[in-house]
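Below you'll find the structure, written out as structure tokens, and then a few comments.
The values are calculated or read from the model by the stated rules, or taken from the named source; none is laboratory data. Given the structure is predicted, the values throughout are model-derived calculations rather than measurements. Cβ: placed from backbone, ideal geometry, glycine included. Neighbour counts: every protein chain shown.
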Amino acid sequence: MSAEPDSSVRKLNPISKAALLAMFSVLVLFVTDPVQMCVIVACVLIAKSQYKARGIITKGIFAFAATIFLAQVIFNHSGETVADWNVFEVTTGGIADGVTIAGKFLSLIMMSWVFVATTTPTELSSALATAGFPYRYAFLPALSMRFVPVFRFELATVRDAQVTRGMRLDKSLKGIIRSARYTTTPMLMTAMSRVNSLAASMEGRGFGMSDKRTQLKPVKMTAFDLAFILFSATAVALAYFVTGCPALKIF
Amino acid sequence: MLDVKDLYVRYENRSKPAVDGLTFHIDPGEFVLLMGGSASGKSTAMQAVCSVIPGIVHAEKRGTVRIDGKEFQDAASASGVVCMVQQDPETQFCTEIVEDEVAFGPENFNMPRGTIREAVDTSLASVGASHLAHRRLSTLSGGEKQKVAIASMLAVRPRLLILDEPTSNLDPRAVRDVVAVVDSLRRETKMTIVVVEHRPGQFIDLASRIMMMDKGRLEYDRVRTEDGLACPLGRSAPKNREPAAASRSVAVVSAKELTFDIGGARIIDRLTFELREGSVTALMGENGAGKTTLLKILTGLLEPSSGDVRVFRHGIGAGARTEPWTIGKDVGFVFQNPNHQIFERSVESEILFASENYQVDKGEARGAVNEFEASEEVMRFVHPHCLSFGQKRRVNIRSASSHGPRLILMDEPFAGQDEANAGRIREMVAGLRRQGKTTVVVTHDVAFAKDWCTDLIFMRQGRIARSGPVAGLTDREWDGLFSRGIP
């Protein structure tokens, strides 16, 4: 999932990237102009195109954004009428809101994806611990992400076992409930055994024994990171004032 | 070094103790091979020694465990003194990169960075894994993972190292590697080592002492003398009373130029083979050779990239894919991990699961339930997850084979099984053959392949390195299978 090691974004401290993501999210929430939103989405898609994502995930995200856009076009009747086919009326307000809301969704998801693609869980944990976050909690992202592929693999195995024992995985509500029933128990059992093994392995190597923990490879904030955060904050503040703070009207 | 006195451990919701009145003493520098069947209490006893019980695994614990005269209350406080490498290294890794994993322990001990670096380098070197330092753990083979797991424990410099079934999931070549690592530790560090195993295997040659547990008690304890070390168990499994003859009947599976690629990597490379009706085929090869992938293709779970496969009347070649649900009627699949394939709340409904789904006659499945009750002395309404590891495995086999499939595929059914349980599985395989069913067993157990199978397919790097009737193989050829790779 991670980008190549020589990527300049990847070299940034994960905290800098998280700060940028937070500021970008605030900026995106302020934007109400559809043209500005299109520019932001285009920039985000260019950034995202540097990193590979599973096709099915990308398709799902775009399909959901399209659904948001269509829902606004169909049900939002504010502004001037652009087209009117009896029950189906398309307005300028519907299109503008459709573009901005779908754009907010797309850009937030895609920027989050870039963050995940350029940051390993271990780096994030190390950066948090180096920044003074208690290491027991800083280690949580690394641990949870470490088991995502494991549980994905185990879920696939459980599903395979169900199919080979004659269970059809149909997509009806009844089928989904049945599948969930027969998936929960095996997944819970394997998760519980993993938790015990992992806890024994971690505590057996002294995790939690001391309040402090040395890091072999600390991820420190550099002058570049600080400059990057300052620059990002300034850019967001400028954009906030240039747009005339229209989003404040909603409060 | 280690003093255990009147140790008693009983798990919650269990009436009988797992360890009952265990007393022994181990001197510094001893190499102890601790053996015993499933549920004999050996792993539980070692978890109590490491203070994993009762801190992490909840159980009632009585008696005393002293290491160098000290009693420890939890695993963290005992961590600098005793470390335990668990059966499956995959479950104990908490980072992504090899050197991060090895550094994890020293980091917790708040050692200076220079000392941590030295500990990482020394530990990896001592298991012959320095070249793996920057590799991702997910890319390592089974044997490499076990070496890294050992190195990660060595890095905290324990005085007592416990290895819980370190070779149970490994192919013979990886087993030899791990045994060599343990041997060099024994010779060079003089560390006190306890290896927990079902069978004596190759560790018997290294051990200075054998202890054997049964029903939670120490039943056998011998120290190596000038005459050697007497072991109560034989090295190899008993031979088949009715050796399987080569089968020359009709082909039920035929594969031609079968290829499977994923993510640019070739996993299966132009396989051509046939499986004869009523045969028992040992599917062997090193970890990662493509054995499980081949089984998944035969059940329709994976679609081949090219080539043709016919399983009974089902075509599974590229572009001619038959749904796994349809193939499942004729092909039963026993997966590696018993917990992944137990779905129901009672033994009876679990064994009937596939018959219910396929709505076929439940006569054979009901017979399997009756047989299970009689042979295991377990009631049919017991929850399958309450069974022992060996019993779960046998429920899996019955569940996958009692709805009338004519071909049964088993993925490493002997992994983690003690000799008694392995013997029961061997008998089940022989029973399936007597019923006229065709069986494919993925296994690293050469003795089983020699004595209980009719045919062999040996894979290496996605290709068939050797195939044909078992009867045609000489002892020398068997010995060469894993040592030379392509015999």
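Taking the stretch B:376-400 as the range and being surrounded by fewer than 16 Cβ atoms within 10 Å (Cβ to Cβ), without any contact (Cβ under 8 Å) to a residue 24 or more places away in the chain and more than 12 Å from chain A (Cβ to nearest Cβ) as the test, only B:377 passes.
Consider the stretch B:151-172 and keep the residues that are assigned to a helix (DSSP H, G or I) and within 11 Å of chain A (Cβ to nearest Cβ). The one that is surrounded by the most Cβ atoms within 10 Å (Cβ to Cβ) is B:152. Set side by side, the residues B:355, B:305, B:375, B:349 differ, and just one is touching a Phe, Trp or Tyr at 6+ places or on another chain (Cβ under 8 Å) and of a type in the set (S, T, N, Q), which is B:305. Within the stretch B:128-167, which residues are more than 24 Å from the chain's Cα centre (by Cα) and among the β-branched types (Val, Ile, Thr)? Residue satisfying the conditions is B:156 alone. Every condition in (1) under 28 Å from residue B:227 (Cβ atoms); (2) polar (S, T, N, Q); (3) crowded, with 23+ Cβ neighbours inside 10 Å holds for residue B:208 except the one numbered (3). Of B:179, B:175, B:148, all but one fail to be of a type in the set (Val, Ile, Thr), part of a helix (DSSP H, G or I) and within 14 Å of another protein chain (Cβ to nearest Cβ); the exception is B:148. Going through (1) touching a strand residue (DSSP E or B) at 6+ places or on another chain (Cβ under 7 Å); (2) in contact (Cβ under 8 Å) with a residue 60 or more places away in the chain one by one, residue B:287 falls short only on (1). Of everything listed in (1) surrounded by 13 or more Cβ atoms within 10 Å (Cβ to Cβ); (2) at pLDDT 80 or above; (3) not in a helix (DSSP H, G or I), the single unmet condition for residue A:1 is (2). Residues of the stretch A:143-193 that are surrounded by 14 or more Cβ atoms within 10 Å (Cβ to Cβ), among the β-branched types (Val, Ile, Thr) and within 28 Å of the chain's Cα centre (by Cα): A:150, A:157, A:158, A:183, A:190. Scanning the stretch B:404-421 for residues that are at pLDDT 90 or above and not charged (D, E, K, R) turns up B:405, B:407, B:408, B:409, B:410, B:413.
When B:129, B:76, B:59, B:119 are screened for being in contact with a strand residue (DSSP E or B) (Cβ under 6 Å, 6 or more places away or on another chain) and small (Gly, Ala, Ser), only B:59 passes.
One residue stands out among those in the stretch B:106-134 that are within 14 Å of chain A (Cβ to nearest Cβ) and in a loop (DSSP other than H, G, I, E, B): the one that is nearest to residue B:186 (Cα to Cα), which is B:133. When the stretch B:309-348 is filtered for residues that are within 13 Å of another protein chain (Cβ to nearest Cβ), within 18 Å of residue B:439 (Cα to Cα) and in a loop (DSSP other than H, G, I, E, B), the ones remaining, listed by number, are B:328, B:329, B:330, B:335, B:336. If you go through the stretch B:16-35, how many residues are within 17 Å of residue B:48 (Cα to Cα) and exposed (fewer than 14 other Cβ atoms within 10 Å of the Cβ)? The number of residues fulfilling the criteria is 3. If you check B:140, B:170 for being among the aliphatic types (A, V, I, L, M), in contact with a Gly (Cβ under 7 Å, 6 or more places away or on another chain) and modelled with pLDDT under 85, only one passes: B:170. Helices (runs of 4 or more DSSP H) fully within the stretch A:84-191 that include at least 3 residues being within 14 Å of chain B (Cβ to nearest Cβ): A:121-130, A:135-138, A:140-146, A:148-164. The listed residues are A:94, A:98, and the only one of them that is without any contact (Cβ under 8 Å) to a residue 60 or more places away in the chain and touching a Pro at 6+ places or on another chain (Cβ under 9 Å) turns out to be A:98.
Hey, among the residues in the stretch B:58-105 that are touching a residue at least 12 places away in the same chain (Cβ under 8 Å) and basic (Lys, Arg), which one's farthest from the other protein chains (Cβ to nearest Cβ)? Selected residue: B:62.
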